Structures are given as C-alpha cells and as structure tokens.
Amino acid sequence: MYKIAIAGASTLLGKELKDALSDSPLAAANFVLLDEDNALGQLDQVGDEITFVQAIDADAFDRVDFTFFCGSDALTRKHWKQAVAAGSTVVDMTGALDQEPGVLVRAPWLDAGETAADLFTPAIVPAHAAALALALVLDRLQPSIPVRAAFTTVLLPASEFGRAAMDELHQQTVNLLSFQSLPRATYDAQVAYNILSGLGESATASLSIVEARIRRHLAVLGGHRWPAVSLQAVHAPVFHGHTFSIALDLERPIEITALEEALSGDHIDLVLEDTDSPSNLAATGQNDVLLRLKPEPEPRNPSLSSRVWIWAASDNLRLAAQNAVECALDLRRLRPQGQVQ
C-alpha cells in the first residue's frame, strides 16, 4: 500500500486528480491532503477515504511515496525539494519544475522513446494537457503519414488559471449584463464575451507563460519525430475545455480514409458527422480527445489531401489528471512495494 500526498488538494486540478486516483490502481493508497492556509481544515474525500486538508509542515512528506503538486507554481517551488529530501517521488502537475535540472517531462500514453526516470530523477512533470492532445495527433500520423509543417491555435479556458480566474469570468459576465464595473484582479482585461491573445499589464494570469510551457512540452514529447509546431495560445470566454484549430501540411497527398484510419484508436475519439462537432462542452467529462477532420481535397483527385484542417477539443483538467496518474503508475517500479515506507 502506498502513501500519497496531494499538495494543492482544494484546487480545480486537485479535485480532478482525486477523482482520477479514485478510479485507478492507486485507489487503495493512504492519502494526505495538503494545501495553503485558506483551505486548511476542510473535509475532503479520495475514493472511500475521508480526511482533512492539512498544512504543509516539516513532517508533511514523511514516509510519502508519491507527492502530486497541483496548486500554484509558488507552492510547488517552495516545497518540492522538501518532498524529495523526504524520499518522495514528486509528480509536478503545475509545470513549474519543467526547466529544473534532471526533471523529466512525460506522457506515458505516447511511445515516444523518452528517457526513463530512475532513482536519481528529482521529479516528473506530466506533459501539459494541450501538448499531450497535440502530440497524440502528430504521433498517430508519423511515420506512415509524414507531416511537413504543423500550425495550431489553442483556445484556453478560465480553468487553465484556477478557480479565481473562473470566478472573475463569471462575475464579469454578470456585471456586464447589469452595466456594472468589471473585476480585473486576475486578468486585468475584459475576458467575458471576448477572445484575447494577451492580457492586461497587471494580470496574474499569463498566456505567454502557458504558451511557452506547451511549446516546451510538445518539443520534448516529439523529439525529432515531427516538425516543430507553430503555435499560438489565446483565451476564450469559457470555463472549461481546450479547443484547437490545427492545420497540417503533409509531405504528399494521402487518401482521406487513410488519415481517418491513422488517427483512430485509444485516447482519440474521431467524430465523423458534421452535426457532432467537437466542443469544449462536448469534451467535458470525456477521457478522450474529440477530433474532427476537414481535409482540403486535391483538385485533380478529391479522395486525396495534402493539407488537413483539424478541429479538436479535450477536457483540460481530466486529461491533465489522467496523465499524472499514468506517470505515477509508470514510476511504481522505482518504489518498494508491500508496505508504507
């Protein structure tokens, strides 16, 4: 039986992680829920186990096998070395550690030939959910359908930036309808009824930081197996779900049916009907990336295409939680089994 700590247990990502752990082979573990001052003492539950949210003190990571960090970047940076020093395997869902020496970015769903973690690996960063969704698409096409160039716009929801961002989007929407001033503590901009490629100067949320993180993680997952992806992140006025507009230029014209066959499989739900377009609402609660192909037919042979447009959607929180749990399951080989350490 393992002992698992969740640092940032009261966050949106923490809640989704608890649900994912409850449905995984790690559900029988002993859980310790940790968070910052505003969440202390809250009663919470993982699977059938009910416990209180505790403070992160000097003994918080004592005999903990896995520590999931899913709160703020600052919380991760403040306490991750404490968890490592206590002998815990760190799974950083915030991405704050992805440029630390020796830290690996992982996505076990992909057979990417990544460097495997060992006893000297200080922490694992599960790949950003948007990078994972894009990598699943590109990985399916290579090498049988080589991609010459890839371009994508990622539409980010408010939940990408936490509960405070969701609350601000909600309050802005209400205030606009009642002709009141808008709260701007998180975004320093009007995000309600608006699509933005940048936020205000005083914003605590940052599109550029998330965009850079997606780029880094996608590059790690791809290695040299597909071309660099030209990527732009924008903020959409929705609460949950990543959506993607993707354009792929192929090395040669390919049968459209071959494209559909290549993309079908685990973790991708290929939508074939125009009436069932992927959307952030349709993706909510789904384990797979929803994907709709829109090939540009070749003028001389409409059954072939060398440029493919893809509209895709995924549940950003659920995909992140699933990937984190898969990373932990992959790391079990490094932990002694049979008892709590």
Which one is farthest from PHE244 (Cα to Cα), of the residues in the stretch 273-293 that are in contact with a helix residue (DSSP H, G or I) (Cβ under 7 Å, 6 or more places away or on another chain) and among the aliphatic types (A, V, I, L, M)? LEU293
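For the stretch 173-192, indicate whether the set of residues that are within 26 Å of ALA107 (Cβ to Cβ), of a type outside the set (Gly, Ala, Ser) and in the same structural domain as LEU291 (by TED's automatic domain parsing) is non-empty.
no
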Looking at the stretch 174-196, I want the residues that are under 27 Å from THR153 (Cα atoms) and have a partner that is modelled with pLDDT of 95 or more and among the aromatic types (Phe, Trp, Tyr) with Cβ atoms under 7 Å, at least 6 apart or on another chain. Which pairs are those? THR186/PHE161
Out of all the residues in the stretch 291-330, which are among the hydroxyl-bearing types (Ser, Thr, Tyr) and closer than 27 Å to PRO126 by Cα? SER314
What is the residue count in the stretch 147-205 for residues that are among the acidic types (Asp, Glu) and touching an Asp or Glu at 6+ places or on another chain (Cβ under 9 Å)? 2
Out of curiosity, is GLU168 of a type outside the set (S, T, N, Q), free of Cβ contacts under 8 Å to residues at least 40 places away in the same chain and surrounded by 21 or more Cβ atoms within 10 Å (Cβ to Cβ)? yes
Would the stretch 109-116 turn up any residue that is more than 30 Å from ARG252 (Cα to Cα) and not assigned by TED's automatic domain parsing to the domain that holds SER305? yes
Could you say whether any residue in the stretch 273-283 is closer than 21 Å to GLN142 by Cα, touching a residue at least 60 places away in the same chain (Cβ under 8 Å) and not small (Gly, Ala, Ser)? no
Return the only residue of VAL32, VAL53 being modelled with pLDDT of 85 or more, within 21 Å of ALA321 (Cα to Cα) and part of a strand (DSSP E or B). VAL32
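Considering each of GLY241, GLY222 in turn, give the residue that is at pLDDT below 95, surrounded by 15 or more Cβ atoms within 10 Å (Cβ to Cβ) and small (Gly, Ala, Ser).
GLY222
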Is it true that ILE246 is farther than 20 Å from PRO126 by Cα, surrounded by 14 or more Cβ atoms within 10 Å (Cβ to Cβ), at pLDDT 95 or above and over 16 Å from the mean Cα position of the chain (by Cα)? yes
Report yes if GLY47 is under 23 Å from the mean Cα position of the chain (by Cα), at pLDDT below 95 and over 22 Å from GLY223 (Cα atoms), otherwise no. yes
Looking at ARG140, is it part of a strand (DSSP E or B), under 30 Å from THR257 (Cα atoms) and basic (Lys, Arg)? no
Does GLU255 satisfy the condition of being surrounded by fewer than 19 Cβ atoms within 10 Å (Cβ to Cβ) and more than 30 Å from LEU17 (Cα to Cα)? yes
In the stretch 84-93, how many are of a type in the set (A, V, I, L, M) and closer than 22 Å to GLN322 by Cβ? 3
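The values are calculated or read from the model by the stated rules, or taken from the named source; none is laboratory data. Being a predicted model, the structure only gives us computed values, none of them experimental. Note that we place each Cβ from the backbone using ideal geometry, even for glycine, and neighbour counts take in every protein chain shown.
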